[in-house]
Every structure is written in C-alpha cells, then in structure tokens.
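**Q** Structure provided below as structure tokens; questions to follow.
The values are calculated or read from the model by the stated rules, or taken from the named source; none is laboratory data. Since the model is a prediction, treat every value here as computed from it, not as a measurement. So basically every Cβ, Gly included, is an ideal-geometry build from the backbone, and we count neighbours across all protein chains shown. Side chains are part of the model used for accessible areas, which takes the heavy atoms of the whole protein and leaves out ligands, DNA and RNA. Shrake-Rupley method; radii C 1.70, N 1.55, O 1.52, S 1.80 Å.
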Amino acid sequence: MQLDFRGAIRKALDDELTADPAVILFGEDIGAAGGAFAVTTGLQEKHPNRVLDTPISELALSGAGFGAALCGLRPVVEIMFGDFLPLAMDSLLNQASKFWYMSNGQASVPMVVRCVVGAGGRFGPIHSQTPIAWFMSVPGIKIVGPSTPADAYSLLRAAVRDENPVLFLEHKRLYTVKGEVSGEQQSIGEAAIVREGADLTLVSALRAVPDCLEAAAMLESAGISAEVIDLKTLRPPDIPTIVKSVKKTHRLMVVEEGPRTGGWAGEILAAVTEECLGVMQSAWRLTTADHPVPYSPGLEDAFLPSATSIVASVTQHMAGGKVDA
Amino acid sequence: MRELVIDDVATDTMLDLYRQMFLIRIVEDACQDLYSKGLLHGTTHLCSGQEAVAVGANSVLGPHDRVACTYRGHGHSLALGMDLNAFIAELLGRQSGICGGRAGSMNLIDLEHRLLGCYGIVGGSVAAATGAGLAFRGTQRVAVAYFGDGAVNQAYFPECLNFSKVFGLPVVYVCENNLYGEFTPMDTVTAGTIMDRVRAYGVAASQVDGMDIRAVRTAMQGALESARNGDGPVFLEALTYRFAGHSKSDPGRYRAAGEFERWRERDPIRLAREALTSELGVAEDTIKQVETECAVRLAGAREAATEALFPDPGESVSEFKA
C-alpha cells in the first residue's frame, strides 16, 4: 500500500489501538484537532476515550505515561516537538528508563514517546532540534528514528509492542515522503544497508538518509562507490552491521543532523574504531555546527547536512585517492 | 473488604496499628545505628514522627490499589506489607534486598505489595500515581501519591493535579506536611497555602491531624471512597512533623526553640499508646508484649541482612527487558 510518512504513522497507531485495548494515546492537540502535523487525524473518532487531548504539561504527560505503563496500559505519549522533551525529562530519565534495572526486574515500562524533530522547516532554534544526544547516555531507553514510510510503520508498531520505554522520532521533513508500506515486521535495534558500495560506508538516520542516498548517486558518477547504512535505531546502535561494512570499505563517514560536540556520530565513530582501527583508512563525521539552529532560510540551509555537503566532505577526505595505500 | 466503622477502631485493630507504628519507629532507630556503623550506605531519610500517616492511610487501602512514595518511604513500605528482611537487606545493599541491592533506601519498589516505587525526586510520586490513576479510569481501583510539602513547589504537582482533575482520575494525593522542605522552613519558600492552591484546581481538599492515626484513617477512608466513586482526585494534607533530620547530613539546627519538644508531646506512637491504655483498656503488659515482638522481629531481620550476601558484581546485566 502506498502511504506518505505521516499516513504510515497514523496507520501504525490505528492498527495498534485496534489490536490491543491496553494501548492509549495522549498528547497536546492530538485528538479533536488531529495533531499539530495532522498525524493523528481521525484516531479519536475511531477510538473514543483512548485518544486524549491533554493540557500543555509535558512533565505530567511523561509521568502519567510512566505510571500508566506500570499499571497495565501501553501508553503512546506525543510530545509535540522534540525541543519540549527537557520539560518531560525527569520522568523519562529518572523513572521510566531506570525502572527495569532499579526494581531488579519486577516490571518494565512499555511506553512510547513520539516527537516531531529536525530542522529545515524554518521553525527556528527552539522547534527544530534533533534531541538524540540528550538521551544517548540514558541507559534503559531505546531511540528509534525511521527514514521511510515502511520503516515508520513497522518500527512504530514494534515500539508500541516493546517492553521498554522507546523514544520515537519523526523528522518533519519526512512527513510528505511517499513509499510502499508492506507491513513487514521489523525489530528495533537493526540497521539496514540501503545501498551497497565498496569504497566507503555512509552511516546516518532520519532525514540524512535520503541525503546520503542522493550523495551516493552523485559520488558514483565521480567513480566513488558508497555503501549507505540507515541506522533506524539510534540507541542501542547496531554496531556489528557497521563494522561488517567498514571491514569491507575501510572508510567510515557518519552524518548527523545535530551539534558536533557530544553528538551520537562521535559515539558511532568511537564504537566502530574500537573494532576496526587496524583496517580503517579514515573515519570522520559531518554534523551541524555547535550553535543553535538558525531561522533565516539561507542560514538554515547552509547549516544542515545535504547531498552536496556530503559529496564535498567525501571528496575532500578521499582527495588522496580511493586506492588503499 | 472495607472497614466501615473507622472512628470506633476495634481494640484488636488499634493494637495492630500500634504494632506497625512501633515497628517503623524502631526500624528507623536501627537505620540510624546501621548508618553510624557503616552498614547502611550513602544517605537515608527517616520518617520518625510521621508513622501515623503511613500506617493509618495505608491500612484502609484496597488490595488492588496502588501507591507511590518518596525517598522518605521506609514507613510506607513496611505499612504496605514489604517483607522486613527484604527491606533491611535492601538498605544494606544485599542480594536478598527487595530490589537486589540496586535501589537502596531512597528507591524502594515492591509491586507485589502495591508499591509502585519510592522516588528520589520530591514530586516523582505525584506523577507515578497520576499515571496509575489513568490506568484505573472506570475501575474500582485507586492510586495514591504520598509526598512532602516540598513537592508542591515542583512542576510535577500543579501539572499532575490539573491533569488528574480534567480527566477525573481516581487518585488520592496525600501531602505529608512536616513543615520543612529539606532544611528550609516551608513557609519561607511557599507563597499562599497548599490548601488554597489545591482548591484553585477545584480538587476536593481537606486537612487532617497527621499525628492522630484514627483521624488519618477516617480522612483517608473518605478520600478513597470519593475517588472510588468516580468523583475525581482528592487531596489530603496531613499535618505532621519529622523527629529526625531531613537526611543523614542534617543536624536540624533550623528548628525554632521549643518546637521539637512541642511536637514530641504529640508523638503519634505515644498518642496511640495512651488511647490503647486509657480509652480501650488494654493492659500495659499486652502492649509491652507487642513491643517485644517487634524488637525480636527487627533483631532477626537485622541479623539476617548483615549476614546476607552482597550482589555479584560479575553478574551480567541487561538494560532492557527482552
């Protein structure tokens, strides 16, 4: 079935609400209004009393999701923009993520927090961030960031069925992307090679994946064969899939839409380097600069990774030639 | 399940409530001792003086209700039925602790005994109970949050109270006002009154003498019935006092002269003991026997915990449930 990205998310939520009476959705404007990005349109009518419009109280939302998950529900909480996650952070970090360990396995917390993330929409510094790094060092939480409608559908269903807290990130520049949604089951924690190549491995997630694919096509015409990996799950990252690829290509470039310092790209580089140091020619990352996301269109476009900037970075790093020394 | 006549607490019931309060008091004294001997690590927050709230309120809960507490949660944990051996062992960081030594004094969890957890953030219990209340919509179950006066100034409190009210959730919020948020007198950092804040949300609110266990039971019984009937959240402010410092680093120098002594006169355990002997005609020997039994139980739990194994650092741990 052909669906756009937001339709795939809506269908995943609808299907989970239908399949399991324990699933409940709540968040700001998600019911009667259908969501700030029209993702949840029609779900409240179809599932009355299980799709709730809430006050603008992110901490109450995350806390209520936590408590409800402990008492038998499978809550899917929408925090409208990822930029608002700091308001919800205490419950996510100190309650939901720690419970399985701290309770010595008495119970886990099966809840999903969905957020719109990412820049490029002219939303300015406080509605455009990609808050992955804020949660990368939080044990007990999974972070999922799909790049296609098919993955959005399958991984969201997997997230709702997961026994652990899952942060599910939806990039706002992906919502209108169309694709075939097969309904094929997928597991959280598995990356995919979305384009095979021999000369270097490009690793990314969310909106940067189509950028990497576009860059790989451009590089091919310049005689460079790039393998592209879609991480899909940021935490825990599928390091073995990347390691296997890098052992073949000997070069690793990680593309992150997020600040360079403390970002997840650094974590990927470190983890892969630990396994591949002897066989790697080079490893580097392309990230956004260490300043907030700008508003003005020209500034924002220049700030973001793009196919062009990825090609330029690859060309620069491979200026010495692609043949192994 | 419900006991309908609360004001006339039967002698046996009152003696049982006394037993529970007395046990908590001597457990807290033991914690002090275990800490000074280096067996209880880090810090601990004792509830001595607040036993009537823990024992009184939890004694009228239903078997399917759920409770969330704060890091000052020893009394509630025991009142809810946590095994004393597993409780002490947890405080000592042992494998046989209720959380395998992973949680410690501040973060006790015992789902089998209705305890969703004690939370290290002052307002954390407010959220956990609100979420439980969301899960209990349309059922006969009630969620209860216990928290201190300090929590009313943290975002959890107004956000969750409002959330709970607009969805009509079956939650009872019990504020144990012991006059101090950590080391700071409540009134110096709190605008208005707690009751006025709650009433502004349209939430039914009342105050109760937190040193009088029978008053606490009666008030809690009413609050639970209201929440169970689908009348939405209820708030109870229990006026109490802690006889210990906030935590192990607190000598309690902030207390006004004479204040401590005045509250000591209203020690909930003393008041309950007086009621047993003078009102209910229970013999002094009977009470002494109860106290001795508590001491024996505690000694046994203490000995078992000090001899219990520590968890194995080599044990593999998964951050996720498979």
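**Q** Any cysteines in chain B with zero other Cys Cβ atoms under 4.7 Å from their Cβ? List them, or say none.
**A** B:31, B:47, B:99, B:160, B:175, B:294
**Q** Oh, and also: What's the local net charge at residue A:188, with K and R +1, D and E -1, over the other residues with C-beta under 9 Å away? Please list the in-between numbers first.
**A** Working: positive: A:142, A:232; negative: A:162, A:190.
Counting the neighbours of residue A:188, the net charge comes to 0.
**Q** Further, regarding this structure: Which lysines does residue A:248 reach when only Cα atoms under 17 Å apart count, and residues fewer than 8 places away in its own chain are ignored?
**A** Partners within reach: A:322.
**Q** Which residue, A:82, A:72, A:120, tops the fluctuation ranking in a GNM of chain A built on C-alpha contacts under 10 Å?
**A** A:72
**Q** Which residues belonging to the stretch B:147-184 lose at least 30 Å² of 1.4 Å-probe accessible area when the assembly is complete, relative to their chain isolated?
**A** When all protein chains are present, B:156, B:159, B:163, B:167 each give up 30 Å² or more of accessible surface.
**Q** Using the per-residue mean of other Cβ atoms lying within 10 Å as a proxy for protection, in what order, highest first, do the peptides B:214-225, B:277-288, A:17-28, B:67-78 fall? Before the final figure, lay out each step's value.
**A** On the way: B:214-225: 21.7, B:277-288: 11.9, A:17-28: 18.8, B:67-78: 27.9.
Answer by packing, highest mean first, reads B:67-78, B:214-225, A:17-28, B:277-288.
**Q** Answer rounded, prolate or oblate for the protein assembly as shown, using the Cα gyration tensor with square roots of eigenvalues a ≥ b ≥ c: rounded when a/c is under 1.5, else prolate when a/b is larger than b/c, else oblate. All intermediate terms of the calculation are to be shown ahead of the outcome.
**A** Details: a/c = 2.59, a/b = 1.98, b/c = 1.30.
Because a/c hits 1.5 or more and a/b exceeds b/c, the protein assembly as shown counts as prolate.
**Q** Once both axes come from the Cα atoms, what is the angle between helix A:58-70 and the longest principal axis of chain A, in degrees from 0 to 90, rounded to 10?
**A** For A:58-70 against chain A, the angle is about 80 degrees.
**Q** Angle, helix A:149-161 long axis vs. longest principal axis of chain A, Cα atoms, 0 to 90°, nearest 10?
**A** The two axes meet at around 50 degrees.
**Q** In deg cm²/dmol, rounded to 500, what helix-only [θ] at 222 nm does chain B give when every DSSP H run of at least 4 residues adds -39500 (n - 2.57) and the total is split over its residues?
**A** On the way: 11 runs with 132 residues, N = 322.
That comes out to -12500 deg cm²/dmol.
**Q** Under a straight-distance cross-link criterion of Cα-Cα below 18 Å, which aspartates and glutamates are reachable from residue B:248, leaving out those fewer than 8 residues away in the same chain?
**A** B:28, B:29, B:33, B:90, B:182
**Q** Under 15 Å from the Cβ of residue B:38, count the other residues' Cβ atoms, weight Lys and Arg +1, Asp and Glu -1, and hand me the total.
**A** Details: positive: B:37, B:94, B:248, B:302; negative: B:33.
It works out to a net charge of +3.
**Q** Here's a follow-up. Roughly how compact is the stretch A:192-318, stated as its Cα Rg over 2.2 N^0.38 Å to two decimals?
**A** 0.99
**Q** State, in square angstrom and to the nearest 100, the accessible area buried between chains B and A, both chains counted, probe radius 1.4 Å.
**A** Details: alone 14220 and 13430 Å², together 24430 Å².
That pair hides around 3200 Å² of surface in total.
**Q** Rounded to the nearest 5, what is the percent of antiparallel bridges among the DSSP beta bridges in the stretch A:192-318? Could the numbers behind the result be given before it?
**A** Values: 3 of 17 bridges.
Antiparallel bridges: around 20 percent, rounded to the nearest 5.
**Q** Net charge around residue A:292, counting only other residues with Cβ within less than 12 Å of its Cβ (Lys, Arg = +1; Asp, Glu = -1)?
**A** Values: positive: none; negative: A:83, A:290, A:300.
Local charge sum for residue A:292: -3.
**Q** Taking a threshold of 22 Å on the Cα-Cα distance, which of the pairs A:46/B:165; A:46/A:142; A:46/A:172; A:142/A:232 fall above it?
**A** Details: A:46/B:165 25 Å; A:46/A:142 29 Å; A:46/A:172 25 Å; A:142/A:232 11 Å.
As for pairs spanning more than 22 Å Cα to Cα, those are A:46/B:165; A:46/A:142; A:46/A:172.
**Q** Assign one of three labels to the stretch A:175-265, namely rounded, prolate or oblate, based on the Cα gyration tensor with a ≥ b ≥ c the square roots of its eigenvalues; rounded applies when a/c is under 1.5, prolate when it is not and a/b is larger than b/c, and oblate otherwise.
**A** Numbers: a/c = 1.35, a/b = 1.17, b/c = 1.15.
Here the stretch A:175-265 falls in the rounded category.
**Q** If amide hydrogens are placed 1.01 Å from N in the peptide plane, which non-local residues have theirs closer than 5 Å to the one on residue B:204?
**A** Distant-sequence amide H within range of residue B:204: B:235.
**Q** As I understand it, the value is the acute angle between the Cα axis of helix A:307-317 and the longest principal axis of the Cα atoms of chain A; what does it come to in degrees, rounded to 10?
**A** On a 0 to 90 degree scale, this one is about 40.
**Q** Kindly tabulate the residues in the stretch B:91-132 with an accessible-area decrease of at least 20 Å² between the chain alone and the assembly of all protein chains, using a probe of 1.4 Å.
**A** B:99, B:102, B:107, B:109, B:111, B:116, B:119, B:121, B:127, B:128, B:131
**Q** Quick one: accessible area per residue over the protein assembly as shown, 1.4 Å probe, rounded to a whole number of Å²? Could the numbers behind the result be given before it?
**A** On the way: 24430 Å² over 647 residues.
Spelled out: the 1.4 Å probe surface of the protein assembly as shown, per residue, equals 38 Å².
**Q** Given the rule -39500 (n - 2.57) for each run of at least 4 DSSP H residues, summed and divided by the residues of chain A, what is its mean residue ellipticity at 222 nm, to the nearest 500 deg cm²/dmol?
**A** Details: 12 runs with 117 residues, N = 325.
Per the formula, -10500 deg cm²/dmol.
**Q** Only Cα pairs within less than 10 Å get springs; with that Gaussian network setup on chain B, which residue of B:121, B:88, B:98 has the largest fluctuation?
**A** Among B:121, B:88, B:98, the largest GNM mean-square fluctuation belongs to B:121.
**Q** Under a cut-off of 20 Å between alpha-carbon atoms, report the aspartates and glutamates in cross-link reach of residue A:244, not counting same-chain residues fewer than 8 places apart.
**A** List returned: A:190, A:196, A:199, A:227, A:230, A:267, A:274, A:275, A:324.
**Q** How many percent of DSSP beta bridges within the protein assembly as shown run antiparallel, rounded to 5?
**A** On the way: 11 of 72 bridges.
In the protein assembly as shown, approximately 15 percent of DSSP beta bridges are antiparallel ones.
**Q** If you don't mind, another one. Picking from A:229, A:145, B:276, whose Cα lies most toward the positive end of the charge dipole for the protein assembly as shown (charges on Cβ: Lys, Arg +1; Asp, Glu -1)?
**A** A:229
**Q** If you roll a 1.4 Å probe over the protein assembly as shown with all protein chains in place, what percent of the accessible area is carbon or sulfur?
**A** Numbers: 12930 of 24430 Å².
On the protein assembly as shown, the fraction of accessible area on carbon and sulfur atoms equals 53 percent.
**Q** How about the stretch A:169-262: which trypsin sites (Lys or Arg not before Pro) there lie in a loop by DSSP and see at most 15 other Cβ atoms within 10 Å?
**A** On the way: sites: A:172, A:173, A:178, A:195, A:207, A:232, A:244, A:247, A:248, A:251, A:260; in loops: A:207, A:232, A:260.
Sparse-neighbourhood loop trypsin sites (Lys or Arg not before Pro): A:260.
**Q** What FRET efficiency comes out for the pair residue A:29/residue B:182, r = Cβ-Cβ distance, R0 = 25 Å, nearest 0.05? Present the calculation step by step, with values, prior to reporting the outcome.
**A** Working: r = 38 Å, r/R0 = 1.51.
Once rounded, the FRET efficiency stands at 0.10.
**Q** Just to verify a number: what accessible area does residue B:274 come out at with the full protein assembly present, 1.4 Å probe, Å² rounded to tens?
**A** Only protein atoms counted, so the area is about 90 Å².
**Q** Now a separate question. Pull out a ≥ b ≥ c, the square roots of the eigenvalues of the alpha-carbon gyration tensor of chain A, then state rounded if a/c is under 1.5, prolate if not and a/b is larger than b/c, and oblate in the remaining case.
**A** Numbers: a/c = 1.86, a/b = 1.66, b/c = 1.12.
Note, shape of chain A comes out prolate.
**Q** Cα-Cα pairs above 20 Å in the stretch A:2-180: how many percent? Numbers along the way, then the final one.
**A** On the way: 7661 of 15931 pairs.
When all Cα pairs of the stretch A:2-180 are counted, 48 percent exceed 20 Å.
**Q** In the protein assembly as shown, with Lys and Arg counted as +1 and Asp and Glu as -1 at Cβ, which of these residues, A:107, A:3, B:148, has the Cα nearest the positive end of the dipole, that is, farthest along it?
**A** A:3
**Q** Then there is this: Restricting the count to DSSP beta bridges whose residues both fall in chain B, what percent are antiparallel, rounded to a multiple of 5? Present the calculation step by step, with values, prior to reporting the outcome.
**A** Values: 3 of 28 bridges.
Taking every DSSP beta bridge within chain B, about 10 percent pair in antiparallel fashion.
**Q** Shifting gears a bit: If I require 27 Å or longer along the helix axis, counting alpha carbons, and a Kyte-Doolittle average no lower than 0.0, what helices from chain B are left? Use full DSSP H segments. Mind showing how you got there, number by number?
**A** Numbers: long enough: B:11-36 (38 Å, 0.04); B:284-307 (35 Å, -0.49).
For chain B, where a helix must reach 27 Å along its axis and average at least 0.0, the hits are B:11-36.
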